[in-house]
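Structure first, commentary second.
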């Protein structure tokens, strides 16, 4: 599949143009950038399925080539995702999906909870339910406010949340949602039996 560099106000990344009318803004986790192999594979899979995908760097990564986000970065990162969605709305006429890996997915879900009309669906890869070993620090306070349909993709060996913990947490989401479990995979979704068709098929079911 092919992609081209893309830039707009507060937005930087790569556009995977497809022939369909739907779009997706896809972003990375705390330790990476939009060039992460997983994001590239996901973008190619959805492009092949007819979805135009913008793989984008969060504002904290646009400012710093390495290192994790700081607490003060979160609001700016959500603003960056809002800008990415707005840029994509100029390119596609169909449904819009906001997607992210780990930290990027958490910020995407928080933005969608704050602005329920922003996108039609979320795709959250390896949602960081809590810091490893710190079950008391659950990151689910905004889940009851989610109104967008949501696809969660989680590894069975993810230290940021077990499958049982994820299933329990998702019960407080009233919007339609689905959990896809990648057996044997950790937080990076590697070393598991990960068929990307599970993502495209799962999202199609949610949006049907």
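Report the antiparallel proportion of the DSSP beta bridges in the chain as a percent, rounded to a multiple of 5.
Here the share of antiparallel DSSP bridges comes out near 25 percent.
Could you sort the peptides 117-126, 72-81 by per-residue average Cβ neighbour count (10 Å cutoff), highest mean leading?
Per-residue Cβ counts within 10 Å, averaged per peptide and sorted highest first, yield 117-126, 72-81.
In 5 Å bins starting at 0, how do the alpha-carbon pair distances of the range 1-136 split up by percent?
Spelled out bin by bin, the range 1-136 gives 2, 11, 23, 25, 21, 11, 5, 2, 1, 0 percent.
For the range 69-175, what does the relative contact order come out to in percent, with C-alpha contacts under 8 Å and a separation of six or more?
Value for the range 69-175: 23 percent.
For the range 89-189, I need the span (max minus min coordinate) of the C-alpha atoms along each principal axis, in Å, sorted largest to smallest.
Computed over the range 89-189, the largest-to-smallest principal extents equal 41, 24, 20 Å.
Using the 10 angstrom Cβ neighbour count as an exposure proxy, how do 35, 17 rank, fewest first?
So the ranking, lowest neighbour count to highest, is 35, 17.
Among rounded, prolate and oblate, which fits the range 136-208 when a ≥ b ≥ c are the square roots of the eigenvalues of its C-alpha gyration tensor, a/c under 1.5 means rounded, and a/b larger than b/c means prolate?
oblate
Neighbouring Cβ atoms within 10 Å as the yardstick, rank 191, 82, 149 fewest first.
191, 82, 149
Would you compute, from DSSP H runs of 4+ residues alone, the mean residue ellipticity of the chain at 222 nm, taking -39500 (n - 2.57) per run and dividing by the full residue count, rounded to the nearest 500?
For the chain, the value works out to -9000 deg cm²/dmol.
Under a plain spin-label model, where a point goes 7 Å from the Cα along Cα-to-Cβ, how far apart in nm are residue 207 and residue 167?
My value for the distance between the label points is 2.8 nm.
Just order 131-139, 178-186 by mean Cβ neighbour count inside 10 Å, highest at the front, would you?
Sorting 131-139, 178-186 by mean packing, highest first, produces 178-186, 131-139.
Values quoted throughout were computed directly from the atomic coordinates according to the rules given, and no laboratory measurement underlies them. Please read these numbers as outputs of a predicted model, since none were measured by experiment. Please note: Cβ atoms are built from the backbone with ideal geometry, for glycine as well, and neighbour counts cover all protein chains shown.
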